[in-house]
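Please treat every number below as a calculation from the coordinates, not as lab data. Computed from a predicted structure; not experimentally measured. Here the Cβ is made from the backbone with ideal geometry for all residues, glycine too, and neighbour counts use every protein chain on show.
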Amino acid sequence: MTGPVVGFVGTGQIGEPMVERLVSRGFPTRFHARRSEVRDRLAAHGGEPVSDPLALAEADVVVACLFDDRQLLDAGVPILRAMRAGTTFVSHTTGSPDMVHRLQRVARERGVAVVEAPFSGTADAVRNGALMVMLAGAPDAVEAARPVVAAYASTTVPTGDLGSAVAMKLLNNALFAACTQPTLSALGAARSLGISDECFFDVLAGSSGGSRAADNMTGSRMTTEEYCERLARYLRKDVAAALGVADRMDLDITHLVETIQHGPLDLVRNEAPSPATETAAALTHTKEITR
């Protein structure tokens, strides 16, 4: 298979396996990576490294897998401004709908189509081609992006106009945060009764109290402290964005917010103590999760 030339920026924990999948599926893929070890690995895999990220603008489809709106503004927008008419810019960033519309204004000046493509899943899901990706934008732009995204996604769900996919992802993440807090609280209670982590998660796996939040904890192969520290970094950003979206769109997510605020992780306050410190205090001691 040979598809459109793909340009890729954002070769982090998720982006690197995305490039691997694109190359293995026959897409000529140019990428920019700041770290030399990532450049070497992806070049050995068949990707074409570029030293100047603006060189990615020559591609037919540019994919940006950047952490937040700031990175998208700093790294993605200059590439978008250099793209030629008739090409497509795909953003995997979970940020604000406002940023998506800013991208669209820039894109219109260039005759470029923008597709927002927030995803749900892990690096392992990417490697297995099992990511779930939400796609929003003009129907023809979504169809242009879908074959590229399908290199690492098993499920793509069109959500409608630009802004709808990011809003849906933020609602999903707010719900995930709301499920995570009581799961951690229940784990702390189980430990106080002398119930092992393994027993706790084994019971949840086959019972009505189980959830994707619990499954993610057991599948992380991290200590609870490590898992929570990494998770909080992402969820705090997404919860703040979800609150902003809800306010601007007059959405009532009061009950979600109340649940998110009560638990070992501080995900709402602007000045929060270290999530690792909070979790250690709430759960009293941390055991290795090996499932």
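FRET efficiency for the ALA150 to GLU48 pair, using the beta carbon distance and R₀ = 22 Å, is estimated at 0.55. Considering the stretch 181-235 at the alpha-carbon level, its Rg and Dmax are found to be 10.9, 31 Å. Taken about its Cα centre, the chain carries a charge dipole of about 560 debye when Lys and Arg each add +1 at the Cβ and Asp and Glu each add -1 at the Cβ. Taking all Cα-Cα distances within the stretch 45-180, those exceeding 25 Å account for 21%. Amide H contacts under 5 Å for THR156: VAL133, restricted to partners 5 or more places along the chain or on a different chain, H placed in the peptide plane at 1.01 Å from N. DSSP finds beta bridges in the stretch 102-202, and of those with both partners inside it, around 35 percent are antiparallel.
Distant-in-sequence amide contacts of THR223, defined by a placed amide H-H separation under 5 Å and a gap of 5 or more residues or a different chain, comprise ILE289. Computed about its Cα centre, the charge dipole of the stretch 21-108 is approximately 120 debye, with only Lys, Arg, Asp and Glu carrying charge at their Cβ. Rounded to 0.05, the FRET efficiency of the ALA186 and ASP98 pair, given R0 = 35 Å and the Cβ-Cβ distance, is 0.45. Beta-bridge orientation, the chain: approximately 15 percent antiparallel, per DSSP, counting only bridges with both partners inside. One chain, two ends: ARG34 and ASP74. Fully extended at 0.36 nm per residue, the span grows by 13.0 nm beyond their Cα-Cα distance. Among rounded, prolate and oblate, which fits the stretch 1-96 when a ≥ b ≥ c are the square roots of the eigenvalues of its C-alpha gyration tensor, a/c under 1.5 means rounded, and a/b larger than b/c means prolate? Oblate shape, in that a/c is at least 1.5 and b/c is the bigger or equal ratio. Between ASP124 and ARG212, the distance separating the two model label sites (each 7 Å from Cα on the Cα→Cβ line) works out to 1.6 nm. Would you please classify the overall shape of the stretch 146-188 from the alpha carbon gyration tensor, given that a ≥ b ≥ c denote the square roots of the eigenvalues, rounded means a/c under 1.5, and beyond that prolate means a/b larger than b/c while oblate covers the rest? In terms of gyration-tensor shape, oblate. The slack in the chain from ASP247 to ILE195, taken as 0.36 nm per residue of separation less the alpha-carbon distance, amounts to 14.6 nm.
With both labels modelled 7 Å from their Cα along Cα-to-Cβ, the HIS255 to ARG230 distance reads 3.3 nm. Mind giving me the FRET efficiency for ARG105 and GLU143? R0 is 25 Å, r the Cβ-Cβ distance, nearest 0.05 is fine. Taking R0 as 25 Å, the efficiency between ARG105 and GLU143 is 0.65. Cα centroid separation, the stretch 63-94 to the stretch 111-126: 12 Å.
Annotation: amide H of VAL63 within the under-5 Å range of GLY7, PHE8, VAL9, VAL90, sequence separation 5 or more or interchain, hydrogens built in the peptide plane. Diffusion of the stretch 121-210 by Stokes-Einstein, at 37 °C in a medium of 0.692 mPa s and with Rh set to the Kirkwood radius over alpha-carbon pairs, works out to 209 µm²/s.
Fully extending the segment from ALA205 to ASP161, taken as 0.36 nm per residue of separation minus the present Cα-Cα distance, adds 12.2 nm.
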